[in-house]
Amino acid sequence: MSTDGEGGEGLRIGGVVSDSGAERGGLRAGDVVIRIDESGIGGFEDLVAALGRRRPGETARVVYLRDGELFTAPITLGERP
């Protein structure tokens with residue numbers, strides 16, 4: 001998953017790596033991640049901190065906005081490059 005910047009609450013996804021946990025969980029470029037489990041996401045640092053507390057193979061509950069609608073997806077984390 002890559003991001004294309006911050007704005008307000010959440011972090012907009014700039015791109016999703018093929019065959020990644022994010023892709024398998026249904027995330028797409030343009031979605032705005034606003035929460036991972038109980039951690040609010042207001043910017044890139046929040047995303048790094050929330051994911052840094054988890055290990056590859058764990059599942060995180062990602063709450064995101066797409067076209068003004070709120071969605072929740074379980075995302076199984078993969079190995080970090």
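The values are calculated or read from the model by the stated rules, or taken from the named source; none is laboratory data. Since the model is a prediction, treat every value here as computed from it, not as a measurement. Heads up, the Cβs are rebuilt from the backbone with ideal geometry, glycines too, and the neighbour counts pull from every protein chain shown. Only protein heavy atoms, including side chains, enter the accessible area calculation; ligands, DNA and RNA are left aside. Shrake-Rupley method; radii C 1.70, N 1.55, O 1.52, S 1.80 Å.
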Review point. Measuring with a 1.4 Å probe in the full set of protein chains, what accessible area per residue, in whole Å², belongs to the chain?
Key: 60 Å²
Revision key, fill the gap. 1/(1 + (r/R0)^6) with r = Cβ-Cβ of Ser20 and Glu69, R0 = 30 Å, i.e. FRET efficiency to nearest 0.05, evaluates to 0.85
Study note, to complete from the structure: Across Ala49, Ala60, Ala29, the residue with the highest GNM fluctuation in the chain (Cα network, 10 Å cutoff) is Ala49
Exercise for review: Please report, as a whole percent, how much of the solvent-accessible surface of the chain comes from carbon and sulfur atoms (probe radius 1.4 Å).
Suggested key: 49 percent
Check your understanding: Can you give the alpha-carbon Rg of the chain over 2.2 N^0.38 Å, where N counts its residues?
Key -> 0.96
Point to revise | Given 14 as the ceiling on other Cβ atoms within 10 Å, longest exposed-site-free region of the chain for GluC sites (Glu not before Pro) in DSSP loops | key: 10-37
Review point. Of Gly21, Gly68, Gly30, which is the most mobile in a GNM of the chain whose springs link Cα atoms less than 10 angstrom apart?
Key: Gly68
